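A quick write-up on the structure given underneath.
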Amino acid sequence: MTASPNEGKALTIEVDGETVQRIPVKTHVVTTDDDIVEVVTRYATEHLRAGDLLFVTEKIVAISQGRSYPVSDIQPRKLATFLSKYVTKTSHGIGLGMPETMEMALRECGTPRILFAAAVAAVTKAVGRTGDFYRIAGPKARGIDGPTSGTIPPYNTQVVLVPEKPAEVAKTLQAALSVPVDVAIVDINDFGGNILGSTLDAAGEKRIVRILKDNPLGQGHQSTPLGIVRPV
């Protein structure tokens, strides 16, 4: 395979004194009709070498689990509409700053947790501290993806939740691949990211976050929801 990066991204970087490649892997547009094991083995196997790390975006895992919902199908309650008005919207994405995504957060995390997170955030924001809402609401709220114009259709009009049991998914994918590699389910964007589940230890996960911090898969229409980290 002739490895090439996505536009505006570097193929090779140095992290912790080691040079590595981050190789994007193209797929078709994954839908709820797809099986994540079949998708990953079909597109990744031919490119993998022993000792690689395969990283899979959490979005395609969640979509394959049926955890994506058209905005038009979500009927937000009055509380969701009220709370969404106080969410700070950034260039990172809309987050919970629209009634439909806030509604899904209430369903996923429970109303008491979201209300507590909102109450604490209201107090701490007044004294100049930010980020407490998502810290308290937790990863299920933090990982909700709202619709954006730069996302591949039909997901530019859908809300996607975090995947179920990502660590188990990573182990299942590792076992299905014919090449001995580690696997990580990742939530990355142009502002950083985190590992939702993997076959790595804690130190390995932190290292992968550093390797992927500039989001080599991109945020738009690249159609590369898989990637390979390979030592050079």
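Entry note, the chain: the mean residue ellipticity at 222 nm calculated from DSSP H runs of n ≥ 4, each adding -39500 (n - 2.57), is -10000 deg cm²/dmol after division by the residues and rounding to the nearest 500. Ranked by the mean number of other Cβ atoms within 10 Å per residue, highest first, peptides 118-125, 131-138 order as 131-138, 118-125. Efficiency by 1/(1 + (r/R0)^6): what FRET value for Phe116 and Val232, r their Cβ-Cβ distance, R0 = 45 Å, to the nearest 0.05? The pair Phe116/Val232 has a calculated efficiency of 0.45. A convex hull fitted to the Cα coordinates of the chain yields 128 cubic angstrom per residue.
Entry note, segment 70-160: relative contact order of 30 percent, from Cα contacts under 8 Å with a spacing of 6+ residues.
When Val127, Val29, Val159 are compared by accessible area of protein heavy atoms, the largest-first order is Val127, Val29, Val159, using a 1.4 Å probe.
Within the same chain, lysines fewer than 8 places from Lys213 are excluded, and of the rest, those with a Cα less than 24 Å from its Cα are Lys9, Lys26, Lys59, Lys89, Lys140, Lys165, Lys171.
The values are calculated or read from the model by the stated rules, or taken from the named source; none is laboratory data. Nothing here was measured: the structure is a model prediction, and the numbers come from that model. Please note: Cβ atoms are built from the backbone with ideal geometry, for glycine as well, and neighbour counts cover all protein chains shown. Each accessible area value is taken on the protein alone, full model and side chains, heavy atoms only, with ligands, DNA and RNA left out. Shrake-Rupley method; radii C 1.70, N 1.55, O 1.52, S 1.80 Å.
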